[in-house]
Each structure stands twice: as C-alpha cells, then as structure tokens.
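The values are calculated or read from the model by the stated rules, or taken from the named source; none is laboratory data. The structure presented is a predicted model; accordingly, all values stated were derived computationally and were not measured. We place every Cβ from the backbone using ideal geometry, glycine too, and count neighbours over all the protein chains shown. Please note that ligands, DNA and RNA were not included when accessible areas were found on the heavy atoms of the full protein model with its side chains. Shrake-Rupley method; radii C 1.70, N 1.55, O 1.52, S 1.80 Å.
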Amino acid sequence: MDLKACIEQMETGEQDAALTALQSYNTELLGGLVLGFLTRELQPSCQLACLETVRILSRDKHCLEPFISRSAMSILARYAASSPSENSDQEVIVESLKSISNILLHNETGQVRLLCSLLFVQVRFFDLRITFLLTALKMDVRAQLVQELHGLSLLGNQLDATLGVCWPDTLETARAGLEDVPPEQLPPLSRQQIELAMEILKILFNVTFDTARRKVDEEEAAEYRHLGAILRHCLMSHADEEERTEEFHSHTVHLLGNLPLLCLDVLLIPKVQEGSVEYMGVNMDAVSMLLGYMEKTLDRGHKLKETLIPSLTLLTESARVHRETRKFLRSKVLPPLRDVKNKPEVGSALRNKLVRIMTCIDTDVKDCAAEFLFVLCKESVSRFIKYTGYGNAAGLLAARGLLRGGRDSGIYSEDEESDTEEYREAKAHINPITGVVQEEQPNPMEGMTEEQKELEAMKLVYMFDKLSRTNLIQPMQLGMDGKMSEISPEDLHKLAHNPLFQPEEPANSDSEEEA
C-alpha cells in the first residue's frame, strides 16, 4: 500500500480501516524502506533515526514481517555488534539492541534466523551473549541450532579460531605460531580471547546438555572427539589472572562433563613430550590438570555443589571407563597406605580431604566424593573400607546394599594389591570402623556370667523398645541382602517383654531423662 492509499483510508474516519491501512503501510513499505536504507553508508545520526523507527515499529507483533527475514536480522545484528568509537555510535548500538529485543520477544522465527545472522558472520561478544541467552531459554532453538545449523561444528570452529588453535596431528592441538612451545610455557591468552571463548563454552554447554544421557552415532562421536581435543587445549591454556583462568577452566570442565564418556579418551591422546606428566607411557597432562583444579575447589570449600561436583564427576567417570586414568588417579589419591595411626579423615593429603567430605551435610557432595574413591578402589568393598574406614563408607555401602561386603558389578582390570609393610604389621589391630590402629579396651563383660550378659542385653533391647515407642529412634536391622530395614514395633516389643529376661522397671519410667 502506498502513502496516498493509506491517507485515503484514514480520511474515512473508520477505525478498522485506518488500523488495517497503517499496519499494511508499516509492514509493506516503511519497514522495508528503513531496512534498505540501513544497508547504505550513513552518518551516525541517520543510522540512529532509522533504528529508532525500527524500534517503534517492532513493538507491534503484527508488524514484524519486514524484520524477521534473514537479511533483516543480519542488518540489525551488524549494527548491534559494531564497535563504538563515538558517543553517537553507542546510541546506534543501543537502538539496534532494543529492536532485536522486541523481535525476539514477539517472534520465534526471528530467534532462529538471528542465530544464523550472528554465527555466520564475524563473531563478537554481543553475538555470543544473545546466542547463549536464546539457547538457555529456548529448548527448541537449542535443537534447531544443533540439527539445522550444524551448531556443534560451527561453534567448535569459532572456539578453534578464537584460541588460535592449529592441528599438528589428528586430535592433537597447539597454539598457531608456537607449535614447539611446551603448554606450561605458552603466553597467556588475551582478555578478549578468554571472554569470547567462555561465551562459546557456555553456548556449547547448553546445546550438549543431554548428550551424556543418550547414544551418539559415529559422525556425532567424531564431532565430540574433535571438540574434546579443543577442550583439552583449553585446560592447558591460561589467562593473565588466576581468577580468570579458574573461571575459564570451570566452563571447560562443565562442558567436558557433557561429552559422551567414550570420547574422553582424547584427553590421553597427545604424545608424551619433555615436561609432560607421564604414567604407563600415556600423557596425563590434562588429567593432572583436572585433578589439580578439583583439589583447588575442594580447598576453597565454597559452593562445593556448584564447583566441586562437576570436576569430581568428570574424574570419576573417566576413571571408570579408562584404565590408565584410574590407575594414575589412584596413585595420586590413594597411594599405598602407610599412615595407620591417624583416622582417614585426619590430615592434609587429598585422600584425607575427600574422606572428610564423605560426611558432608550436602548429600550430593558427599555421595560424589564417596563414588570417586569407590571407583578408584575398583568398587571393592574391602579396599574401600581400608582407605576410608567403615564408618565413613557406610553411607555408600548401604545405598548399594553392600554393607555385608562383596563387590559391585563394575568391570575393572586386574592389578596387584601392594600393601605397605606398615599396613601389613598393623592390619590385625586396625579398627575397621575408624580405619586406624586402636588401643585395646578392657572388656566390660569380663567376669560376668552368661545369665548376667543375657540380662544386660535384654535391658538394652527394652530401652530400644521404649525409645522406639516414643518415636525418638527407629531401630534397624541388617537384612540378608545387605540392606538396612526397619525392625517392626511388634517384634521389638515381643523381644523386650520376654518374661525370662524382663528387667526391673525404673522408678520414673516415663521421664525423658531415664529413656
């Protein structure tokens, strides 16, 4: 509709006709004209005026047609991502951002096309931030990015380019121009590189969130292995500030946790070089870095659920599926036991720190620590108790029905159990509950007859029955399957009131103090 026809409709004074005319005019003419004008070389003041018009028009969800095409979104994205050099340029950026916000608010087609516009042109921080927000809030956009736009490869390539990665060999990375420099001697990444890389890692985390929970085909596995190699490069890179480096590594660890487990072997692929951490002929630089990062978060003791669990889970699953990783981690975390005089939770060694949090009030944290140590023990109950003590191990063993001993169903390679001389000498005197040598205590029943012992036992049963009836405690028993179950009040009551062993009733049997 041209301007003359629009004016004629409005002059009729009929509201519906005027509304239709204005919407048609905005959609077919004004919006398209303004966008076309924005493709030209304009002064900032003219750019600003055009973008203000787009902002006003994009408020109406019925007038978005000119703005949701791929070309239109590309134009707006380019203005939003331009680098401000003058005050007027900053206003241009703000206006374009407002227009994009309006479009994203009212139209889902614009969301996907915006992703295309942002990711297929030169990537800037704003582009990545918008993409992150879209993939965080919209599951359908997340799926479209992966399936229709090949987002995994696209984002992997962007991360590759941002970090300046080159590929000397299949799945082996290096810093372009510094191929012969050992990882620990590489210069820090620039602030801009770190910022862009972290935004890409966050987007990749969103789009791979459910990967570990499903099977992937060979083509997808190849993509994830390629991405894993880049993430290994991230682990071996650092920023100019320790805090920024830890944040960068945190995003890397979170994303590694989303990769299919079998693809994590890329962490071990690089050849052993001078200065590498070697174990069994394998390069353990990345695993050693992960272990060090995990211990740092553990020592910090702050927000363990958010900071410790991702790295601890990653190490646990890697150890479960890769023999070399498990044996290396065991050598660092559970070396041959020599200290048999202090409790497993006492000390500054990594084993002591992990055993301490096995009784943490946060069940997710304590379960994660216990699972890690259990896997390092090849899920052997006896070995697990040896390193942690039965009391600390009881929670995990009860959950798995292993309190009676035995071994879980995990499949592990055989290796020799190398007890130290100190442990072998003290083994017979170690209290399995505490995990340390304990001085012998006098037998409290020494000198008592069998009848007296039975009477004392029944007194104890009577007190348990009394506490159970007042709901102060819930007596439990160990079943044949190794799991704990409640003792029924009837069974306990019958046992407590056995006429052969009925204890004398206390003077004040109802008082809480006597109970």
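A Förster radius of 56 Å combined with the Cβ-Cβ distance from residue 261 to residue 490 puts the calculated FRET efficiency at roughly 0.70.
The residue list 226, 194, 209 was ranked by how far each Cα lies along the charge dipole of segment 168-249 toward its positive end, using unit charges on Cβ atoms, and 209 comes out on top. Once the chain from residue 209 to residue 364 is taken as fully extended at 0.36 nm per residue, the excess over their C-alpha distance is 53.9 nm.
Applying 0.36 nm per residue to the separation of residue 20 and residue 472 and subtracting their alpha-carbon distance, the gain on full extension is 155.3 nm.
Placing a pseudo-label 7 Å from each Cα along the Cα-to-Cβ vector at residue 71 and residue 171 gives an inter-label distance of 4.5 nm. For the peptides 89-97, 318-326, the ranking by mean Cβ contacts within 10 Å, running from highest to lowest, is 318-326, 89-97. Only Cα sites of segment 121-251 enter the Debye sum here, all with the same form factor; the resulting log10 I(q)/I(0) across q = 0.09 1/Å is -0.26, listed in q order.
Counting other Cβ atoms within 10 Å of each Cβ, which GluC sites (Glu not before Pro) in segment 245-284 have at most 14 and sit in a DSSP loop? List each step's numbers first, then the result.
On the way: sites: 246, 247, 274, 278; in loops: 274.
Those satisfying the criteria are 274.
Measure off, as a whole percent, the carbon and sulfur share of the 1.4 Å-probe accessible area of segment 191-342, all protein chains present. Carbon and sulfur: 49 percent of the exposed surface of segment 191-342. Values of log10 I(q)/I(0) for segment 128-175 across q = 0.17, 0.19, 0.23, 0.30 Å⁻¹ run -0.60, -0.69, -0.83, -1.07, by the Debye formula with one identical scatterer at each alpha carbon and no solvent. Heavy-atom accessible surface of segment 186-226, averaged per residue, reaches 54 Å², computed with a 1.4 Å probe.
Ligands, DNA and RNA aside, residue 79 has an accessible area near 20 Å² when probed at 1.4 Å.
Surface calculation, 1.4 Å probe, protein heavy atoms: residue 359 sits at approximately 90 Å² accessible.
With N set to the residue count of segment 230-385, report its C-alpha Rg divided by 2.2 N^0.38 Å to two decimal places.
Dividing the Cα Rg of segment 230-385 by 2.2 N^0.38 Å gives 1.02.
Spacing of the modelled spin labels on residue 137 and residue 4, each 7 Å from Cα toward Cβ, amounts to 4.4 nm. At 1.306 mPa s and 10 °C, plugging the Kirkwood radius over alpha-carbon pairs of segment 215-297 into Stokes-Einstein gives what diffusion coefficient in µm²/s? The estimated diffusion coefficient comes to 117 µm²/s. Applying 0.36 nm per residue to the separation of residue 46 and residue 148 and subtracting their alpha-carbon distance, the gain on full extension is 33.1 nm.
Per residue, the convex hull spanned by the alpha carbons of segment 267-333 comes to 80 Å³.
Using only the Cα atoms, what convex hull volume per residue in Å³ does segment 159-207 have?
Spread over its residues, the Cα hull of segment 159-207 gives 90 Å³ apiece.
The spacing between segment 237-294 and segment 139-155, judged by their C-alpha centroids, is 26 Å.
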